[in-house]
Every structure is written in structure tokens, then in C-alpha cells.
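Reading through the C-alpha cells given below for one structure.
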Amino acid sequence: MVGIGPKAPDSRALLQRARSKSMRVRPRNELEIFSGLCVGRVFFRSADRCLFFVDSHNLSVTDLIHSVFSGLQQTPRIQQLYMDEHRLIKAAFRITLTPRQARRLLVALRLNGIVIDSDGELCDTLPPIADS
């Protein structure tokens, strides 16, 4: 599953670009969330634990999600979002997470250099995970 993003010789250039781009305004809807995304940057909406992202051949968030979910012995349900009502113009991807999935995935994303923007309540609203 690959979305938009520039071709780059390595993922370091993409991650550097993601760090320099920031969401200055709190997004009000999914279209505004999409406009702030780039390869190497995701958005986590804590109210419903939705993660929004775009993918690239060079840096695949989808591959990271699949790796985390395989460790949890689960299958992710990633949704393609569209910019238009006719579902012709692809936008970002979205996945809704449980608290357990969210904690693990957000840590994995950070460890891989992905920048995580959020609505300001990134991990405060996630309950602790029981060891299992």
C-alpha cells in the first residue's frame, strides 16, 4: 500500500523534511489533517485514537504498522481516505487503534524517526497497558 511522497535516495532526507514541517494550527477536520501530513510525519487524534499518514516507497508507515500488528498477532484495518465525495482523489490513510495498539505503534513510529503530530493529548489519554 503506497500513497504519495517524493522519491529520495534514502529515508534520512525524507525524515529531515518531516521534522522541518510542522502543524501550526490545530486541524478541525480530516482534510486539514491531510494538508499537514508528509512522508515521515503522522497525525494522531487522541479522542478516537485515529492515526493519519501518507506512505512512500522510501519510508512506508504501512510496513511499520504491519510489523507492530504482527507482533500483536493482529491484522491492521487501514482505510484509504479521499479528498472528494466521488472517491477519485486519494488523500491519506487512517487506522483506528485500541489503547494497546496505539501505545505500541506510536513508540515504534518514534523509534523509526517518524514525527508524530497530535491534538495535544498524545499519550495522556491512553490508559496503562497490562502486561500480557
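Every read-out reported here was derived from the displayed coordinates using simple, explicitly stated rules and does not represent laboratory data. These numbers were taken from a predicted model, which means no experiment stands behind them. Positions of Cβ are backbone-derived with ideal geometry, glycine not excepted, and every protein chain shown enters the neighbour counts.
Using 0.36 nm per residue, how much length does the chain from residue 67 to residue 119 gain when fully extended, once their Cα-Cα distance is taken away? Walk me through the numbers before you get to the answer.
Numbers: separation 52, 0.36 × 52 = 18.72 nm, distance 2.53 nm.
Extra length available between residue 67 and residue 119 comes to 16.2 nm.
On full extension of the chain, what length is gained from residue 74 through residue 87, given 0.36 nm per residue of separation minus the C-alpha to C-alpha distance?
Values: separation 13, 0.36 × 13 = 4.68 nm, distance 2.80 nm.
Here the answer is 1.9 nm.
Cβ under 14 Å from residue 82's Cβ, residue 82 left aside: what net charge do those residues give with Lys, Arg +1 and Asp, Glu -1?
Numbers: positive: 87, 90, 94; negative: 30, 84, 85.
With Lys, Arg at +1 and Asp, Glu at -1, the net is 0.
Would you mind ranking 57, 86, 66 so that the residue whose beta carbon has the fewest other beta carbons within 10 Å leads the list?
Values: 57 12, 86 7, 66 15.
In order of increasing Cβ crowding within 10 Å: 86, 57, 66.
Residue 48 to residue 98: extension gain in nm, 0.36 nm per residue of separation minus the Cα-Cα distance? Each step should come with its number before you reach the end.
On the way: separation 50, 0.36 × 50 = 18.00 nm, distance 0.91 nm.
Result for the pair: 17.1 nm of gain on full extension.
Per Stokes-Einstein, at 37 °C and 0.692 mPa s, what whole-number D in µm² s⁻¹ belongs to the range 11-118, with the Kirkwood radius over Cα pairs as the hydrodynamic radius? Don't jump to the answer; show the numbers that get you there.
Details: Rh = 14.1 Å.
Calculated translational D: 233 µm²/s.
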